[in-house]
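Chemist: Before anything else, here's the structure in question.
The values are calculated or read from the model by the stated rules, or taken from the named source; none is laboratory data. Note that the structure is predicted; figures quoted are calculated from it, not measured. We place every Cβ from the backbone using ideal geometry, glycine too, and count neighbours over all the protein chains shown. Heads up: the accessible areas ignore ligands, DNA and RNA and are worked out on the full protein's heavy atoms, side chains in. Shrake-Rupley method; radii C 1.70, N 1.55, O 1.52, S 1.80 Å.
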Amino acid sequence: AQAQGLLEAGPLTVSVSELLTTVGQWRQALVMLDACQFKEPALRAEALACKGNIEADAGREQEGIAALQESIALADAANDRVLQAVPRARLSWMLWRAGKGDEASALVDEALARLPGGANPLFRADVALLKGIHEAHSGRFAQAAPYYEAFVAAAEVAQDPLALVRAYSNLAISRTLQGLCEEAAIHNRKALAISREFNLRSLEVGVASNLAQDLLGAGRFEEAQELLLQTVVTTQQVAAYRAHLYCVNLLVVLLLGEQQTERAAALCHQEAEVLQTDRRQRADYLGGMACVAAAQGRLDDARKWMAEVVLESEALNDHEFRETTELRLAWVDAHAARLGVGERAALVEAVRRRCANPPAWLRRFA
């Protein structure tokens, strides 16, 4: 249809690109989107919403934001209220990750306000879930709960596999943040089973990495390592940049906890090329490298990297990341005390202070 310039080429390209994204073939989806000439503004808005999502998941955050902003402008011009909500919801998630919480929340409100009264209940609950995610990651779990419960209920009524995976996996994340790792693992196993049954590979890698975190938090280290090693291979196959980096970070934590410092260092070295992309992921990765450096006695490197991580932690509106940063600082201080670098009593006191009230899900690591 593209080769012959048929009118059907545009709608087909958007539909197939969404499908390819769902099964993890993001590169092919981008090729198809770039190859098509979308003449209708509304159709081009749909294509750009799809492309923006893919670019962000591939680690090209700025390209993703630009595509979604253009999609919003085109959707507004076309006066399609449902279409106007889609890129706003997706852009909200990216802005929230970039530490722009107020802008992100305002965009979700805009998206919900633009949905017509007869809009699909599942879609409405999906958009509203973003409010719950923002609340949960800010530590306001009671305020977050109704959004999660509404989305799970809507997904179960619809029996939509994509929605069910996202519903159970997001519910699991909210439990993980509260330290309920065993309960979170139950929800993640449900999501993982559905994603594998329906070949939803782009969702599978995210769910698997979250399940590995729950297993780590529950102290089931061998199970976690086996799952992480499997998932790292899958993330490379489907070019899932974010999930890949997340799995690597968890492996670094696990290896350091088992005093396999050289293996952790080798893993960081292999992944060094990703450090110039995605701001949030880069900071997380630098924190992992700082911990490795401290364990190796390279305190200057560890402190240099942690100084950058602290700056990002202050800029990003991410409750979970701030808590993780505190424990990484404690790790560096503990190794400084071990090596006799600095005032030992002050370092020990700093470690105790940073580890005094860790979030439940990080208590074992503390």
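Chemist: Taking H as built 1.01 Å from N, whose amide H comes closer than 5 Å to the amide H of Cys355, not counting residues under 5 places away?
Modeler: none
Chemist: Charges at C-beta only: +1 for Lys and Arg, -1 for Asp and Glu. How large is the resulting dipole of the range 222-328 about its Cα centre, in Debye rounded to 20? Show your work: numbers first, answer last.
Modeler: Working: 10 positive and 18 negative charges, 57 e Å.
Result for the range 222-328 is approximately 280 debye, rounded to the nearest 20.
Chemist: Could you tell me which of rounded, prolate or oblate describes the range 225-274, using a ≥ b ≥ c as the square roots of the eigenvalues of the alpha-carbon gyration tensor, with rounded for a/c under 1.5 and, failing that, prolate when a/b is larger than b/c and oblate otherwise? Don't skip to the answer; put the middle values down first.
Modeler: Working: a/c = 2.46, a/b = 1.48, b/c = 1.66.
Because a/c hits 1.5 or more and a/b fails to exceed b/c, the range 225-274 counts as oblate.
Chemist: Please compute the length gained on full extension between Val16 and Ala119, using 0.36 nm multiplied by the number of residues separating them and subtracting their Cα-Cα distance.
Modeler: Working: separation 103, 0.36 × 103 = 37.08 nm, distance 2.34 nm.
Going from the current span to full extension adds 34.7 nm.
Chemist: Pull out a ≥ b ≥ c, the square roots of the eigenvalues of the alpha-carbon gyration tensor of the range 58-118, then state rounded if a/c is under 1.5, prolate if not and a/b is larger than b/c, and oblate in the remaining case.
Modeler: Working: a/c = 2.60, a/b = 1.42, b/c = 1.84.
Oblate, because a/c is 1.5 or more while a/b does not exceed b/c.
Chemist: GNM, the chain, Cα, under 10 Å: largest mean-square fluctuation among Leu311, Leu91, Leu33?
Modeler: Answer for the Gaussian network model of the chain: Leu311.
Chemist: I've got another one for you. In the range 1-68, which GluC sites (Glu not before Pro) fall in coil by DSSP and have 15 or fewer other Cβ atoms within 10 Å? Please report the intermediate quantities before stating the final value.
Modeler: Working: sites: Glu8, Glu18, Glu46, Glu55, Glu61, Glu63; in loops: Glu8.
In loop regions of the range 1-68 (DSSP not H, G, I, E or B), the sparsely surrounded GluC sites (Glu not before Pro) are Glu8.
Chemist: Okay, next question. With springs only between Cα atoms under 10 Å, which of Leu12, Leu115, Leu250 fluctuates most in a Gaussian network model of the chain?
Modeler: With Cα springs under 10 Å in the chain, the top fluctuation among Leu12, Leu115, Leu250 is at Leu12.
Chemist: Ignoring everything except DSSP H segments at least 4 long, calculate the 222 nm mean residue ellipticity for the chain; use -39,500 (n - 2.57) per segment, divide by total residues, nearest 500. Before the final figure, lay out each step's value.
Modeler: Details: 18 runs with 286 residues, N = 366.
Helix contribution divided over all residues of the chain: -26000 deg cm²/dmol.
Chemist: From the phi of every residue in the range 166-174, what ³J(HN,Hα) in whole Hz does the Karplus formula 6.51 cos²θ - 1.76 cosθ + 1.60 yield, where θ is phi - 60° and glycine or proline is x?
Modeler: Result, rounded to whole Hz: 5, 5, 5, 6, 5, 4, 4, 4, 5.
Chemist: OK, next. Normalised by the number of residues in the range 80-178, what is the relative contact order in percent for Cα pairs under 8 Å and 6+ residues apart?
Modeler: Numbers: 103 pairs, mean separation 21.5, N = 99.
Once normalised by length, the contact order is 22 percent.
Chemist: If you take the alpha carbon radius of gyration of the range 282-341 and divide it by 2.2 N^0.38 Å, what ratio comes out, to two decimals? Present the calculation step by step, with values, prior to reporting the outcome.
Modeler: Working: Rg = 10.9 Å, N = 60, 2.2 N^0.38 = 10.4 Å.
Rg over 2.2 N^0.38 Å, computed on Cα atoms: 1.04.
Chemist: Can I ask one more? At a Cα cut-off below 26 Å, give the lysines reachable from Lys190, other chains included and same-chain residues fewer than 8 away excluded.
Modeler: Candidates past the 8-residue exclusion: Lys131.
Chemist: Oh, and also: By how many degrees, 0 to 90 and rounded to 10, does the Cα axis of helix 319-339 deviate from the longest principal axis of the chain?
Modeler: That works out to roughly 20 degrees.
Chemist: Classify the range 59-217 as rounded, prolate or oblate, taking a ≥ b ≥ c as the square roots of the eigenvalues of its Cα gyration tensor: rounded when a/c is under 1.5, otherwise prolate if a/b is larger than b/c and oblate if not. Kindly include the intermediate steps, with their values, before the conclusion.
Modeler: Numbers: a/c = 1.66, a/b = 1.53, b/c = 1.09.
Here the range 59-217 falls in the prolate category.
Chemist: What are the lysines whose alpha-carbon lies under 17 Å from the alpha-carbon of Lys51, with same-chain residues fewer than 8 places away excluded?
Modeler: Lys39
Chemist: Now for a separate question. Can you pull the one-decimal nm distance between simple spin-label points at Glu258 and Glu8, each 7 Å off the Cα toward Cβ?
Modeler: So the two model labels end up 5.4 nm from each other.
Chemist: Name the residue from Ala136, Leu162, Leu227 whose Cα lies farthest towards the positive end of the charge dipole of the range 126-231, charges +1 on Cβ of Lys and Arg and -1 on Cβ of Asp and Glu.
Modeler: Ala136
Chemist: Could I ask something else about it? Based solely on C-alpha atoms, express the radius of gyration and the Dmax of the range 307-366 in angstrom.
Modeler: In Å, with Rg to one decimal and Dmax whole: 12.0, 35.
Chemist: Normalized C-alpha radius of gyration of the range 36-82, against 2.2 N^0.38 Å? If you can, show how the numbers build up before the last one.
Modeler: Details: Rg = 10.5 Å, N = 47, 2.2 N^0.38 = 9.5 Å.
So the Cα radius of gyration is 1.10 times the expected 2.2 N^0.38 Å.
Chemist: Quick check: at a probe of 1.4 Å, how many percent of the accessible area of the range 195-328 sits on carbon and sulfur atoms?
Modeler: Exposed carbon and sulfur together represent 50 percent of the surface.
Chemist: Give me the number: length gained by fully extending Ala193 to Phe221, i.e. 0.36 nm times residue separation minus the C-alpha to C-alpha distance, one decimal in nm.
Modeler: Between Ala193 and Phe221, full extension yields 8.0 nm more.
Chemist: Can you work out the Karplus-derived ³J(HN,Hα) for every residue in the range 29-39? Use 6.51 cos²θ - 1.76 cosθ + 1.60 with θ = phi - 60°, whole Hz, and x for glycine or proline.
Modeler: Whole-Hz 3J(HN,Hα) from phi for the range 29-39: 4, 5, 4, 5, 5, 5, 7, 9, 9, 8, 8.
Chemist: Obtain the nm distance between the two label points defined at Glu182 and Ala346 by a simple spin-label model: each point lies 7 Å from its Cα along the Cα-to-C-beta direction.
Modeler: 4.3
Chemist: Averaging over all projection directions, find the projected area of the Cα convex hull of the range 188-291 and quote it in nm² with one decimal place. Don't skip to the answer; put the middle values down first.
Modeler: On the way: hull surface 25.2 nm².
In nm², the orientation-averaged hull projection of the range 188-291 is 6.3.
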